[in-house]
1. Restricting the first residue to segment 54-78 and requiring it to be more than 18 Å from H88 (Cα to Cα) and at pLDDT 90 or above, which pairs with a second residue that is of a type outside the set (F, W, Y) and not in a loop (DSSP other than H, G, I, E, B) meet a Cβ separation below 9 Å and a spacing of at least six or different chains?
2. Restricting to segment 70-88, give me the number of residues that are assigned to a helix (DSSP H, G or I), of a type in the set (V, I, T) and either more than 19 Å from D59 (Cα to Cα) or in contact with a Gly (Cβ under 9 Å, 6 or more places away or on another chain) (or both).
3. Since R24 meets every condition but one in (1) under 19 Å from the mean Cα position of the chain (by Cα); (2) at pLDDT 95 or above; (3) not polar (S, T, N, Q), which condition does it not meet?
4. In the list R35, R86, R24, R16, which residue meets the criterion of being touching a residue at least 12 places away in the same chain (Cβ under 8 Å), among the basic types (K, R) and loosely packed, with under 10 Cβ neighbours inside 10 Å?
Amino acid sequence: MHTVVCNTVLCMQVDRLSITLEPRLGAAVRKAAKRAGMSVSAWIAEATAARIRSQALRDALDAWEAEDGPLTKKEIEGAASTLGVRFHKARRR
């Protein structure tokens, strides 16, 4: 079910969800949201979006490798350098 939420600047349609978390995880989420200056809902939405983007990238890389073979260490290191991140071999799920 979608709900329309409005304030003085913006109206948007939202999908209200109810989630259940283990108490320590819930406390960690509240602490992280407070530290980020965000509501818990906004923090969870941002974390969820990041997880979805990560999965989409993983799926795209899997499709690429299925078609063209595995990326070489040199290709991965080059991409990491271009993106300004450190390369470390991660286990794939």
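The values are calculated or read from the model by the stated rules, or taken from the named source; none is laboratory data. Values in this document were obtained by computation on a predicted structure and should not be read as measured data. Neighbour counts run over all protein chains shown; Cβ positions are idealised from the backbone, glycine included.
1. none
2. We begin by selecting, within segment 70-88, every residue assigned to a helix (DSSP H, G or I); these are 73-83.
Among the residues that remain, those that are also of a type in the set (V, I, T) are: 76, 82.
Next, only the ones that are either more than 19 Å from D59 (Cα to Cα) or in contact with a Gly (Cβ under 9 Å, 6 or more places away or on another chain) (or both) stay: 82.
Counting residues in segment 70-88 that are assigned to a helix (DSSP H, G or I), of a type in the set (V, I, T) and either more than 19 Å from D59 (Cα to Cα) or in contact with a Gly (Cβ under 9 Å, 6 or more places away or on another chain) (or both) gives 1.
3. (1)
4. Matching residue, one of R35, R86, R24, R16: R16.
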